[in-house]
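Novice: Have a look at this one before I ask anything.
The values are calculated or read from the model by the stated rules, or taken from the named source; none is laboratory data. From a predicted model like this one, the values you see are computed outputs, not experimental measurements. Here the Cβ positions follow ideal geometry from the backbone for every residue, glycine too, while neighbour counts run over all protein chains shown. With ligands, DNA and RNA removed, areas are computed over all heavy atoms of the protein, side chains included. Shrake-Rupley method; radii C 1.70, N 1.55, O 1.52, S 1.80 Å.
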Amino acid sequence: MNFQHIFGKLSEIQASAPGRVNLLGEHTDYNDGFVLPTAIPQHTTVQLSFSDDAQHHFYSENLQERVSILDIHHTPSGFASYVFGCIEVLKQAGYTIPSLNVYVQSSVPMGSGLSSSAALEVATLRAIRQLLHLPIDDVEIAQLAQQAEIHYAGVQCGIMDQMASSLADTQHILFLDTRTLERRVLPFPNKTTILVIDSGVPRTLATSGYNQRRAECQEAAQFLGVKALRDINDAKVTETLPEPLNRRARHVVTENNRVLEVLQGVTPKRFGELMNASHTSLRDDYEVSVPALDTLVQILQKTAGVFGARLTGAGFGGACVALVALGEEKTATQVLEQYNDAGYTGQILVPDFEVNHAA
Ligand code: GLA
């Protein structure tokens with residue numbers, strides 16, 4: 001199938017946006033904190049033309065699903081909710097959006113914590129920007145995409161995924177201060193790349209667990225009398241909080257400090273240690289890991305050539321990311337064999353030669 005098969009004419013334009021993997025700084029973005037994502041090679045492409053009637057028509061090549069929007073007061077579900085959300089937030093920002101034909105194709109794995117939704121939102125907004133010549137910059141694209149996710153997909157997410165999809169590339173790490181949106185493009189640590197492996201466990205509790213963690217962090221910040229947990233630097237301060245808020249807050253404070261340490265410049269070994277510490281904190285203090293992720297991380301951490309590993313994204317299933325030495329062959333297959341021997345079905349999502357291949 002292609003655009004012409006579905007809509008009976010050629011598309012006018014197309015735009016793409018990548019998925020992302022977060023190396024460090026997990027569950028910090030909705031606490032005004034710091035993150036370190038990079039783009040992955042997989043991306044989502046959106047093709048557009050003007051619709052010939054008063055309705056929007058969306059088609060997903062991956063799902064082979066067509067959705068026509070008849071009633072604008074009825075938000076669609078699934079992939080269409082993201083596309084529709086992007087159109088609606090543009091309207092709310094004051095732009096006039098005509099009815100559109102939208103064709104979506106994606107290589108970003110879904111449900112693995114690699115931001116397939118942000119890639120869809122950013123690609124959709126880029127395509128509409130191009131079609132209608134809208135004066136929107138890349139940061140505004142990320143902000144509109146985040147609004148679409150919050151209001152039309154129901155996830156109270158931070159801004160990391162959309163900023164990464166809009167601004168990151170696969171050759172660098174993007175440092176982002178999610179409060180000020182100040183950012184820096186960092187090189188990968190010397191002669192390293194990343195490896196991303198899916199645990200094979202779907203992120204069943206991701207939305208409910210995520211929104212609950214976010215509420216706990218807000219409560220902790222209120223308790224401590226700060227605007228956001230980003231405003232606490234010393235983890236000792238969190239000891240005054242009741243359970244489990246003390247541990248939730250301790251994760252956020254220590255995680256922010258880990259990212260800031262990387263910003264000072266660290267060796268691959270130290271970067272890896274910080275990733276390992278991040279996983280322990282996500283597992284024990286933040287409680288967003290599951291046994292499959294812990295097993296996969298443990299195997300990765302014991303493998304030669306791996307500097308460090310952790311779950312990535314919201315958790316509750318999904319993928320793990322590892323920092324590995326460039327040019328170490330067989331790391332990925334060795335890890336996968338051991339993981340599968342433990343009774344799971346993992347999958348390599350980003351092999352260790354695709355990111356930072358210019359190094
Ligand atoms: C999801 C959210 C992000 C971020 C991560 C956890 O990917 O969309 O905003 O909060 O979880 O770090």
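Novice: What FRET efficiency do you get for E273 and Q92 if R0 is 35 Å and r is their Cβ-Cβ distance, rounded to the nearest 0.05?
Specialist: 0.20
Novice: Considering only protein heavy atoms and a probe of 1.4 Å, how much of the accessible area of the chain is carbon and sulfur, as a whole percent?
Specialist: The C+S portion of the solvent-accessible surface of the chain is 49 percent.
Novice: Work out, step by step, the length gained on full extension between K9 and R66: first 0.36 nm times the residue separation, then minus their alpha carbon distance; give nm to one decimal.
Specialist: Once the chain is fully extended between K9 and R66, it gains 18.9 nm.
Novice: So if each residue of separation counts as 0.36 nm, and I subtract the Cα-Cα distance between F353 and E219, what length gain in nm does that give?
Specialist: Answer, rounded to one decimal: 44.0 nm.
Novice: Counting only helical runs of four or more DSSP H residues, what would the 222 nm mean residue ellipticity of the chain come to if each run contributes -39,500 (n - 2.57) and the total is spread over all its residues?
Specialist: On the way: 10 runs with 133 residues, N = 359.
Rounded to the nearest 500, the figure is -12000 deg cm²/dmol.
Novice: For G200, list long-range residues whose amide hydrogen, built 1.01 Å from N in the peptide plane, is under 5 Å from its own amide hydrogen.
Specialist: G318, Q347
Novice: Could you tally the net charge around L336, taking each other residue with its Cβ under 13 Å from the Cβ of L336, Lys/Arg +1 and Asp/Glu -1?
Specialist: With Lys, Arg at +1 and Asp, Glu at -1, the net is -3.
Novice: Ok, one more. What distance in nm separates the two pseudo spin-label positions at E261 and A54, each 7 Å out from Cα along the beta-carbon direction?
Specialist: 6.1 nm
Novice: In whole Hz, what ³J(HN,Hα) sequence does region 254-264 give by Karplus (6.51, -1.76, 1.60; θ = phi - 60°), x for Gly and Pro?
Specialist: Once rounded to whole Hz, the list reads 5, 5, 4, 5, 5, 5, 5, 5, 4, 4, 6.
Novice: Lysine pairs, Cα distance under 28 Å, 8 or more residues apart or cross-chain: how many in the chain?
Specialist: Lysine pair count for the chain: 9.
Novice: So, in nm, how far is label T180 from label Q298 when the simple model puts each one 7 Å beyond its Cα toward the Cβ?
Specialist: Distance between the two pseudo-spin positions: 4.2 nm.
Novice: Note down the net charge around V324, summing +1 for each Lys or Arg and -1 for each Asp or Glu among other residues with Cβ under 14 Å from its Cβ.
Specialist: Net of charged neighbours comes to +1.
Novice: Under 5 Å between amide H atoms, partner at least 5 residues away or on a different chain: which partners does S289 have, H built in plane at 1.01 Å?
Specialist: Under 5 Å from the amide H of S289 lie the amide H atoms of F316, each far enough along the sequence or on another chain.
Novice: Which value, in Å², gives the accessible area per residue of the chain when a 1.4 Å probe is used on the protein heavy atoms?
Specialist: I get 41 Å² per residue for this part.
Novice: Label region 187-291 by shape, choosing from rounded, prolate and oblate, from the square roots a ≥ b ≥ c of the eigenvalues of the Cα gyration tensor; if a/c is under 1.5 it is rounded, and otherwise prolate applies when a/b is larger than b/c, oblate when it is not.
Specialist: oblate
Novice: Would you pull out the residues with amide H under 5 Å of G308's amide H, same chain only if 5 or more places away, H placed 1.01 Å from N?
Specialist: Result for G308 returns L323.
Novice: Among A304, A319, A80, whose mean-square fluctuation peaks in a Gaussian network model of the chain (Cα, cutoff 10 Å)?
Specialist: Comparing A304, A319, A80 in the GNM, the peak value goes to A304.
Novice: A further question follows. Report the normalised scattering of the chain as log10 I(q)/I(0) at q = 0.12 Å⁻¹, calculated by the Debye formula with identical scatterers on the alpha carbons.
Specialist: With one equal scatterer per Cα and no solvent, log10 I(q)/I(0) is -0.86.
Novice: Can you find, among G265, G317, L293, the residue sitting farthest towards the positive end of the charge dipole of region 192-350, where Lys and Arg contribute +1 and Asp and Glu -1 at Cβ?
Specialist: Positive-end residue among those listed: G265.
Novice: Toward the positive end of the charge dipole of region 3-186, about the Cα centre and with charges on Cβ (Lys, Arg +1; Asp, Glu -1), which of P135, S106, L181 goes farthest?
Specialist: Most positive-ward Cα: S106.
Novice: A follow-up question, please. Would you please classify the overall shape of region 249-308 from the alpha carbon gyration tensor, given that a ≥ b ≥ c denote the square roots of the eigenvalues, rounded means a/c under 1.5, and beyond that prolate means a/b larger than b/c while oblate covers the rest? Numbers along the way, then the final one.
Specialist: Values: a/c = 3.95, a/b = 1.07, b/c = 3.67.
It comes out oblate by the Cα gyration axes.
Novice: If you place +1 on the Cβ of every Lys and Arg, -1 on the Cβ of every Asp and Glu, and leave all else neutral, what size is the dipole of the chain about its Cα centre, to the nearest 20 Debye?
Specialist: 380 debye
Novice: Rounding to the nearest 20 debye, state how big the charge dipole of region 3-186 is about its Cα centre with +1 on each Lys and Arg Cβ and -1 on each Asp and Glu Cβ.
Specialist: 200 debye
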